[in-house]
1. Which one of these does A158 not meet: (1) more than 20 Å from the chain's Cα centre (by Cα); (2) modelled with pLDDT of 90 or more?
2. Tell me which residues, restricted to the range 137-160, are exposed (fewer than 13 other Cβ atoms within 10 Å of the Cβ) and either touching a strand residue (DSSP E or B) at 6+ places or on another chain (Cβ under 7 Å) or assigned to a helix (DSSP H, G or I) (or both).
3. For the subset of the range 94-117 comprising residues that are in a helix (DSSP H, G or I), in contact with a Gly (Cβ under 9 Å, 6 or more places away or on another chain) and over 28 Å from F75 (Cβ atoms), which member is modelled with the highest pLDDT?
4. Closer than 25 Å to V129 by Cβ and buried (at least 22 other Cβ atoms within 10 Å of the Cβ): is that true of S187 in this structure?
5. When A222 is evaluated against the numbered criteria (1) over 23 Å from V246 (Cβ atoms); (2) without any contact (Cβ under 8 Å) to a residue 12 or more places away in the chain; (3) not polar (S, T, N, Q), which criterion, by number, is the only one it fails?
6. Looking at the range 100-119, which of the residues that are surrounded by fewer than 22 Cβ atoms within 10 Å (Cβ to Cβ) and within 16 Å of L195 (Cβ to Cβ) is farthest from the chain's Cα centre (by Cα)?
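The values are calculated or read from the model by the stated rules, or taken from the named source; none is laboratory data. Please read all numbers here as calculations on a predicted model, not as lab measurements. Here the Cβ is made from the backbone with ideal geometry for all residues, glycine too, and neighbour counts use every protein chain on show.
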Amino acid sequence: MVEHDVVTASEPTGELPIVRSIGSADLKDALMKGLDDFWAMPTHVVFISLIYPIFAVVLGAVTLENNFAPDLFPFAAGFPLIGPFAAIGLYELSRRRELGLDTSWNHAFDVIHSKSLSSIVMLGLLLSVIFIVWVAIARAIYVANFGYEEVTSLTAFAYDLLTTKQGHNLIIIGNFVGFLFALLAFSLTVVSFPLLLDRNVGVVAAALTSVRAVLTNPITMALWGLIVTCSLLIGFLAFLFGLALVMPVLGHSTWHLYRKVVAPDMSSRPKYEPGPEIRRYAADFPAVLFSSRRTKNG
């Protein structure tokens, strides 16, 4: 691990990064660049992204009780709240590729060497708290409408949800509250994690910059949120493991979105000396995961 491969900015200065206005064409370009990153690193990103759905299954097993039906939708809808934190390794791979550094899959975990690590962890914990509070409130909304009686089957629950006044109340109120939670998490993190990977600005400055990005580009960011929501929905409908394909593209695209929204840091940085990049092919999987070959920056 070479020291200059990781975040090299000085301690937080208190000055917020400059936020730029962007349009729908910038979103399209970010998605195309994210897709290009995916094709350039297909085996690595699929392997890393498997962590996300596996974590979803494990967390679901811990969080959901035996009477899981009422919590199923809130859990599925709320889990993407921590998606920006789960995709941190994908941002790092895009950052390294942009700099011409080695993009072997193990570099996705280089965040542990970042000077912004404590800020990244704090922001990740905040997202986890938001997720837990959302699930708890969603359960309270269910209890307020249906009481504590256990659901006998998913079919019976769906019937009550769609044909009763209590069910309609649950749908309307639950989706409204869920939207507020999603808006909060989205505003705090749309560019904050990539920013922390790129610069050691501190958790408060990163979150404020993310909120400013949303306020400066409300329509464009709403469109980006819709793209992310629809993409993750497709991934969930593919029995969670569709996320192993959706997550890489969204993760890489988020890095490029950050590059468009936040003006680059023009302060002096240590000079990078990128090593030769070895192109990876899908046919190499899974052998590349255990390869001992490393570039001089690896």
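1. (2)
2. Taking the range 137-160 first, the residues exposed (fewer than 13 other Cβ atoms within 10 Å of the Cβ) are 140, 143-144, 147-150, 152-156, 159.
Scanning the range 137-160 gives A140, V143, A144, L154, T155, A156, Y159.
3. Pass one, the range 94-117, residues in a helix (DSSP H, G or I): 94-99, 105-113, 117.
If we keep only those that are in contact with a Gly (Cβ under 9 Å, 6 or more places away or on another chain) as well, we get 94, 105-111.
If we keep only those that are over 28 Å from F75 (Cβ atoms) too, we end up with 94, 105-107, 110.
Numbers: S94: 90, W105: 73, N106: 76, H107: 78, D110: 81.
Per the criteria, the residue is S94.
4. Numbers: closer than 25 Å to V129 by Cβ: yes; buried (at least 22 other Cβ atoms within 10 Å of the Cβ): no.
Spelling it out, it is not the case that S187 is closer than 25 Å to V129 by Cβ and buried (at least 22 other Cβ atoms within 10 Å of the Cβ).
5. (1)
6. K115
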